[in-house]
Amino acid sequence: MLVKPLDGVESWPGSDIPATISARPGGAAANQAAWMAHLGADVVFAGRAGTRDAAYHRRELARAGVRAHLAADHEAETGSIVIMVAPDGERTMLTDRGANLRLRRADVPVRLFSGAAALHLTGYTFCEPPLLEVALWLLGEARDRGLAVTIDPGSAAYLDRMEPAAFLRWTEGAAVCFPNRDEAAVLTGEAEPHAMAARLTRYYGAVVVKLGAAGCVLAVPRQAPVLVAGHPVRATDTTGAGDAFCGAFMSRWLTTPGADLTFADLTSAAEFATRVAATVVTRFGARPV
């Protein structure tokens, strides 16, 4: 649910604040899948939703071109988020994970790996013991099949609670990692984005530290990190900009995943991702339109 106070309305503690409130499909992994498919990638998404609206989320993902495999939970409601958007477009999120926390191995049949080139996971899959079991199983299955793995850490708050060193150990060897500045700071203890990116290349084949309107820092092992400039725009809602960035980068990266990619290819993918992300913040909603 997206909540934005009306322009010109000031806060009045303990009273009412007129706002625009709308319900939209979302979720980091689902948003990223939608952007990847919208931009031409062949994407299968696996997840768990409440019985009442599982069909709705399947349709919404299908509209973007995603083949959605959603387990319907008869006991828990679909995960939901209340997003409060400030006048400058920055957002605060109140999260209820719901059925998402009840994802099980059976919800991700091994047949979904057939024909896949890569497995993409968000950090949210590692944040609770039942989900962590699924995440580690998925990583093992991907590695056994020789699939590339890509990781979006997802949340600095969750990373801090789950122990950053453990997260790095679990995900080490992934082909690409997409932390934002705050997530990279938690994972590395560094304060400067180039230093963050360089340190993370000890664990990953490529690192893309997302910097919002400033763009991103791209790094690979044994090479100096580079800044890929952003495309500053007047932000209306920053919700999902990082998801769009990740989806756009992946849509380019998936055309030649693995060792055949040059640094120039990665830079081109990052430049494309910054352009796509810049379009998202100028409107409400995190999915392609």
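Quick notes
- Selection of region 188-222 for residues being out of contact with any strand residue (DSSP E or B) (no Cβ under 8 Å at 6 or more places or on another chain) and either among the basic types (Lys, Arg) or open to solvent by 30 Å² or more (accessible area, probe 1.4 Å) (or both) yields Gly189, Glu190, Ala191, Glu192, Ala195, Arg199, Arg202, Ala213, Pro221, Arg222.
One line per residue, one yes/no per condition, for (1) more than 23 Å from Ala142 (Cβ to Cβ); (2) open to solvent by 70 Å² or more (accessible area, probe 1.4 Å); (3) modelled with pLDDT of 85 or more:
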{"residue": "His57", "(1), (2), (3)": "yes, no, yes"}
{"residue": "His74", "(1), (2), (3)": "yes, yes, yes"}
{"residue": "Thr78", "(1), (2), (3)": "yes, no, yes"}
{"residue": "Ile83", "(1), (2), (3)": "yes, no, no"}
{"residue": "Asp96", "(1), (2), (3)": "yes, yes, no"}
{"residue": "Pro109", "(1), (2), (3)": "no, no, yes"}
{"residue": "Gly115", "(1), (2), (3)": "no, yes, yes"}
{"residue": "Leu119", "(1), (2), (3)": "no, no, yes"}
{"residue": "Cys127", "(1), (2), (3)": "no, no, yes"}
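- Within region 23-141, strands (runs of 3 or more DSSP E) holding 1 or more residues that are farther than 27 Å from Val280 by Cα: 44-50, 67-73
- Candidate set from region 234-289 (those that are hydrophobic (A, V, I, L, M, F, W, C) and over 17 Å from the mean Cα position of the chain (by Cα)); member that is nearest to Val43 (Cα to Cα): Val289
- Given (1) small (Gly, Ala, Ser); (2) open to solvent by 30 Å² or more (accessible area, probe 1.4 Å); (3) at pLDDT below 95, index of the condition Ala185 fails: (3)
- Matching option when the condition is hydroxyl-bearing (Ser, Thr, Tyr) and touching a residue at least 60 places away in the same chain (Cβ under 8 Å), among Thr188, Thr150: Thr150
- Filter pass, Thr255 being open to solvent by 10 Å² or more (accessible area, probe 1.4 Å), touching a Pro at 6+ places or on another chain (Cβ under 9 Å) and without any contact (Cβ under 8 Å) to a residue 40 or more places away in the chain: no
- Region 100-113, residues that are in contact with a Gly (Cβ under 9 Å, 6 or more places away or on another chain) and over 16 Å from Ala68 (Cα atoms): Leu101
For every residue, the table says whether it meets (1) more than 30 Å from Arg252 (Cβ to Cβ); (2) over 16 Å from the mean Cα position of the chain (by Cα); (3) surrounded by fewer than 17 Cβ atoms within 10 Å (Cβ to Cβ); (4) basic (Lys, Arg).
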residue	(1), (2), (3), (4)
Gly27	no, no, no, no
Gly40	no, yes, yes, no
Arg63	no, yes, yes, yes
Val66	no, no, no, no
Ala99	yes, yes, no, no
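The values are calculated or read from the model by the stated rules, or taken from the named source; none is laboratory data. From a predicted model like this one, the values you see are computed outputs, not experimental measurements. Quick reminder, even Gly has a Cβ in these numbers, built from the backbone with ideal geometry, and neighbours come from all protein chains shown. When the accessible area is computed, the model is the full protein with side chains, heavy atoms only, and any ligands, DNA or RNA have been set aside. Shrake-Rupley method; radii C 1.70, N 1.55, O 1.52, S 1.80 Å.
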